1. Add +1 for every Lys or Arg and -1 for every Asp or Glu among the other residues with Cβ under 14 Å from the Cβ of residue 19, and state the total.
2. How far is it, in nm, from the label point at residue 12 to the one at residue 40 when both lie 7 Å from their Cα along the line to the Cβ?
3. In nm, to one decimal, how far is the modelled label at residue 3 from the one at residue 48, with both set 7 Å along Cα→Cβ?
4. Can you tell me the order of 38-48, 24-34 when each peptide is scored by its average per-residue count of other Cβ atoms within 10 angstrom, highest first?
Amino acid sequence: MPNLYDNTPLELEEIVDHCRALSYAIVSLDNPQAKDLLGYILCERLEVLYQTLEMPFSDDDVVVIEMVETLAH
């Protein structure tokens with residue numbers, strides 16, 4: 001049976017999208033049990049977001065973008 005869970009680490013934008021979707025669902029729903037459960041999941045996602053933002057960067061992680069100006073003559 002294939003693995004149904006993807007263990008690939010999430011990118012920062014994906015974690016933020018999860019938090020936004022969970023927040024929207026909590027505000028939109030009327031069911032208090034569903035809101036409570038989604039609130040718990042949101043707390044977990046926010047912790048993952050915090051841990052991701054606190055991860056130290058190495059020199060290999062930094063991408064240098066050089067700006068090249070073209071001069072029109």
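Every number here is computed from the coordinates shown, using simple stated rules; none is lab data. On a predicted model such as this, the values are computed, not experimentally measured, just so you know. Positions of Cβ are backbone-derived with ideal geometry, glycine not excepted, and every protein chain shown enters the neighbour counts.
1. -4
2. Going from the residue 12 label point to the residue 40 one covers 3.1 nm.
3. 1.5
4. Output ranking for 38-48, 24-34: 38-48, 24-34.
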